[in-house]
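I have a structure here, written as structure tokens, and I will follow up with some questions on it.
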Amino acid sequence: MKKLITLCLMTTAAAVCLSCAGNKEFLPGEVWLDNNGVAINAHGGGMLYHDGRYYWFGEHKTEGEGGNRANVGVHCYSSKNLYDWRDEGIALAVAPDGSGSPIEKGCILERPKVIYNAQTDKFVMWFHLELKDKGYSAAMSGVAVSDNVTGPYEFLNAGRVNAGKWPLNVSAETRQAAEAIAAGNAATVPDNDRFLVRDFGGGQMARDMTLFVDDDGKAYHIYASEENQTLQIAELTDDYTAHTGRYVRAFVGRSMEAPAIFKHESKYYLMMSGCTGWAPNAARSAVADDVMGEWTELGNPCIGDDADKTFHSQSTYMLPVEGRDGMIIYMGDRWKPENAIDGRYIWLPVNIEDGRFTLTWQPSWKL
Ligand code: GAL
């Protein structure tokens, strides 16, 4: 009997231990299950920490062909510890097929990010929007709001960014050339500024994007613009639902996508990818003293095997862990364009040292 009790106790202890080892660690590239045992479906995602919980918003992909189109909407999950995820359902649903809405089912709705506005007590979601059946030509930004973090979010509008506004750091040469052309005179626009000038009237293109709220409550929209050749960083209005017209261009002509940002000890750090669609490439990193720049490139932050492919992933968000100063998690996507729903999540700890940051591959790791 005594032996049996001891055996029972040992078995129970082993089971408990296994469950903590199994559940309470990150396994980059494996299938991550939610509370219902279903694979988490939140690609190109972002995170909001609010009232003691993390809320993960991402693209709900579907199976097979066309799985990268928005057939469902933006999916939300929540967690207290970043390991166990509760399905919170669809935060922003696409509009019905045939409705003519910019977010009609079958559009492309990518890289949703949500921030909280303390003044209005509303949650504001921005995303990259491509109109149905128009490929990637629209290059618009959409915005939606909700009184509840998990939604439902109400779609407000979508469009190009900052029409009729010059960036703060436009050169006098480019501005004069643009004004001369608008007045019907001949002038040459510098090569790297062609798309900026072309889109001045109709608004700047915005594709891969993220949002950032600074310590003073000001929010910024950071997006690949100008045919993905140049990144733009634009200030949002106090309620976060529009652009103020103040923006800068960064990394002109460097073709960066997938921007993800964090702040550490008064410095701003960006991670980005090159421009190779769903296929991974070598990441880039940069640092600045002000979110609006000047930005200084720091090179590929990845180290070791597969560093030239960002460990077969592409950045989507840099997550500061609550209550752990200097602990940032790199959130990346390992895309599977042939079956988008099977795309995997690559999360890795960010190592910040000597004014730069690095990432190394970990098959499994804990906070
Ligand atoms: C990637 C981008 C994704 C998606 C894809 C389409 O470079 O980061 O969000 O737009 O291209 O090919």
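Say we look at the stretch 102-129 and pick out the residues that are free of Cβ contacts under 8 Å to residues at least 60 places away in the same chain and within 12 Å of the ligand (Cβ to nearest atom); which of these is farthest from I222 (Cα to Cα)? Working first, answer last.
We begin by selecting, within the stretch 102-129, every residue free of Cβ contacts under 8 Å to residues at least 60 places away in the same chain; these are 102-109, 121, 129.
This time we only want the ones that are within 12 Å of the ligand (Cβ to nearest atom), so: 108-109, 129.
Numbers: I108: 19, L109: 16, L129: 14 Å.
Across the stretch 102-129, the extreme among qualifying residues is I108.
Filter the stretch 58-90 for residues that are farther than 21 Å from W126 by Cβ and among the small types (G, A, S); which is surrounded by the most Cβ atoms within 10 Å (Cβ to Cβ)? Before you say what the answer is, go through the steps one by one.
Within the stretch 58-90, the subset farther than 21 Å from W126 by Cβ is 62-67, 79-87.
Among the residues that remain, those that are also among the small types (G, A, S) are: 64, 66-67, 79.
Numbers: G64: 9, G66: 11, G67: 20, S79: 16.
Across the stretch 58-90, the extreme among qualifying residues is G67.
Can you run down the residue pairs with Cβ atoms below 9 Å, 6 or more apart or on separate chains, where the first is in the stretch 272-286 and over 11 Å from A258 (Cα atoms) and the partner is exposed (fewer than 14 other Cβ atoms within 10 Å of the Cβ) and β-branched (V, I, T)?
If the second residue must be exposed (fewer than 14 other Cβ atoms within 10 Å of the Cβ) and β-branched (V, I, T), the pairs left are A286/T296.
A further question on this structure: Quick one: which residue in K105, K165, K113, K132 is at pLDDT 95 or above, in contact with a Cys (Cβ under 7 Å, 6 or more places away or on another chain) and charged (D, E, K, R)? Lay out the reasoning, then the answer.
On the way: K105 fails: in contact with a Cys (Cβ under 7 Å, 6 or more places away or on another chain); K165 fails: in contact with a Cys (Cβ under 7 Å, 6 or more places away or on another chain); K113 fails: in contact with a Cys (Cβ under 7 Å, 6 or more places away or on another chain).
Every option except K132 fails the conditions.
While we're here: Please give the strands (runs of 3 or more DSSP E) falling wholly within the stretch 195-268 in which 1 or more residues are among the aromatic types (F, W, Y) and at negative phi. Talk me through it step by step, then tell me what you get.
Details: elements: 209-213, 219-225, 230-236, 243-250, 257-264.
Those strands (runs of 3 or more DSSP E) span 209-213, 219-225, 243-250, 257-264.
Taking the stretch 201-214, which residues are away from the ligand (no atom under 16 Å from the Cβ) and either polar (S, T, N, Q) or surrounded by 22 or more Cβ atoms within 10 Å (Cβ to Cβ) (or both)? It would help to see each step written out before you state the result.
From the stretch 201-214, those away from the ligand (no atom under 16 Å from the Cβ) are 201-204, 212-214; that's our starting set.
Listed by number, the residues that qualify are Q204, F212.
Kindly indicate whether any position in the stretch 235-245 is within 16 Å of the ligand (Cβ to nearest atom), buried (at least 18 other Cβ atoms within 10 Å of the Cβ) and among the acidic types (D, E). Step through it out loud before you land on a result.
The initial filter retains those residues of the stretch 235-245 that are within 16 Å of the ligand (Cβ to nearest atom), namely none.
Among the residues of the stretch 235-245, not one is within 16 Å of the ligand (Cβ to nearest atom), buried (at least 18 other Cβ atoms within 10 Å of the Cβ) and among the acidic types (D, E), which makes the answer no.
K134 versus (1) in contact with an Asp or Glu (Cβ under 8 Å, 6 or more places away or on another chain); (2) within 16 Å of the ligand (Cβ to nearest atom): which is the lone unmet condition?
(1)
Looking at the stretch 129-145 only, could you name the residues that are of a type in the set (S, T, N, Q) and surrounded by 20 or more Cβ atoms within 10 Å (Cβ to Cβ)?
So the first thing to find is which residues in the stretch 129-145 are of a type in the set (S, T, N, Q), and the list is 137, 141.
Correct list: S141 only.
In addition: Taking the residues in the stretch 180-194 that are surrounded by 12 or more Cβ atoms within 10 Å (Cβ to Cβ) and either within 21 Å of G142 (Cα to Cα) or more than 29 Å from the chain's Cα centre (by Cα) (or both) as candidates, determine which candidate is farthest from the ligand (Cβ to nearest atom). Lay out the reasoning, then the answer.
Looking only at the stretch 180-194, we keep the residues that are surrounded by 12 or more Cβ atoms within 10 Å (Cβ to Cβ), and these are 180-182, 187, 189-190, 192-194.
The next check asks that each one be either within 21 Å of G142 (Cα to Cα) or more than 29 Å from the chain's Cα centre (by Cα) (or both); those that pass are 180-182, 187, 189-190.
Values: A180: 35, I181: 31, A182: 32, A187: 33, V189: 26, P190: 26 Å.
Looking at residues that are surrounded by 12 or more Cβ atoms within 10 Å (Cβ to Cβ) and either within 21 Å of G142 (Cα to Cα) or more than 29 Å from the chain's Cα centre (by Cα) (or both), I get A180.
Tell me which of these A340 doesn't satisfy, since it passes every other one: (1) among the small types (G, A, S); (2) within 23 Å of M47 (Cβ to Cβ); (3) away from the ligand (no atom under 16 Å from the Cβ); (4) not in a strand (DSSP E or B).
Every listed condition holds for A340 apart from (3).
Something else: Would you point out the residue of the stretch 32-57, among those that are within 14 Å of the ligand (Cβ to nearest atom) and under 22 Å from E338 (Cα atoms), that is surrounded by the most Cβ atoms within 10 Å (Cβ to Cβ)?
Initial filter on the stretch 32-57 (within 14 Å of the ligand (Cβ to nearest atom)): 42-46.
With the extra rule that they be under 22 Å from E338 (Cα atoms), the set shrinks to 42-45.
Details: A42: 27, H43: 25, G44: 29, G45: 25.
That would be G44.
Now for a different question. Out of the stretch 263-284, which residues are away from the ligand (no atom under 16 Å from the Cβ) and surrounded by fewer than 21 Cβ atoms within 10 Å (Cβ to Cβ)? So that I can check it myself, show each step before the final result.
The initial filter retains those residues of the stretch 263-284 that are away from the ligand (no atom under 16 Å from the Cβ), namely 263-269.
Answer for the stretch 263-284, where residues must be away from the ligand (no atom under 16 Å from the Cβ) and surrounded by fewer than 21 Cβ atoms within 10 Å (Cβ to Cβ): K263, H264, E265, S266, K267.
For residues in the stretch 58-79 being part of a loop (DSSP other than H, G, I, E, B), among the small types (G, A, S) and within 16 Å of the ligand (Cβ to nearest atom), which is nearest to P152 (Cα to Cα)? Steps first, please.
Here is the first cut: in the stretch 58-79, the residues part of a loop (DSSP other than H, G, I, E, B) are 60-69, 71-72.
If we keep only those that are among the small types (G, A, S) too, we end up with 64, 66-67.
Filter once more, keeping what is within 16 Å of the ligand (Cβ to nearest atom): 66-67.
Details: G66: 25, G67: 23 Å.
Only one residue fits best here, namely G67.
Within the bounds of the stretch 146-156, is there any residue that is crowded, with 23+ Cβ neighbours inside 10 Å and on the phi > 0 side of the Ramachandran plot? It would help to see each step written out before you state the result.
From the stretch 146-156, those crowded, with 23+ Cβ neighbours inside 10 Å are 151, 153; that's our starting set.
The next check asks that each one be on the phi > 0 side of the Ramachandran plot; those that pass are 151.
Yes, because at least one residue in the stretch 146-156 is crowded, with 23+ Cβ neighbours inside 10 Å and on the phi > 0 side of the Ramachandran plot.
Quick one: L319 ticks every box in (1) in a loop (DSSP other than H, G, I, E, B); (2) away from the ligand (no atom under 13 Å from the Cβ) except a single one, so which number is it?
For L319, the exception is condition (1).
If you don't mind, there's one more thing I want to ask. Would you point out the residue of the stretch 246-262, among those that are away from the ligand (no atom under 15 Å from the Cβ) and among the basic types (K, R), that is nearest to G332 (Cα to Cα)? Spell out how you get there, then give the answer.
Filtering the stretch 246-262 down to residues away from the ligand (no atom under 15 Å from the Cβ) leaves 246-253, 261-262.
Narrowing further to those that are among the basic types (K, R): 246, 249.
Working: R246: 29, R249: 24 Å.
The residue in question is R249.
The values are calculated or read from the model by the stated rules, or taken from the named source; none is laboratory data. A quick note: this is a predicted structure, and the numbers were derived from the prediction, not measured. Neighbour counts are summed over all protein chains in view; Cβ atoms, including those assigned to glycine, are modelled from backbone coordinates with ideal geometry.
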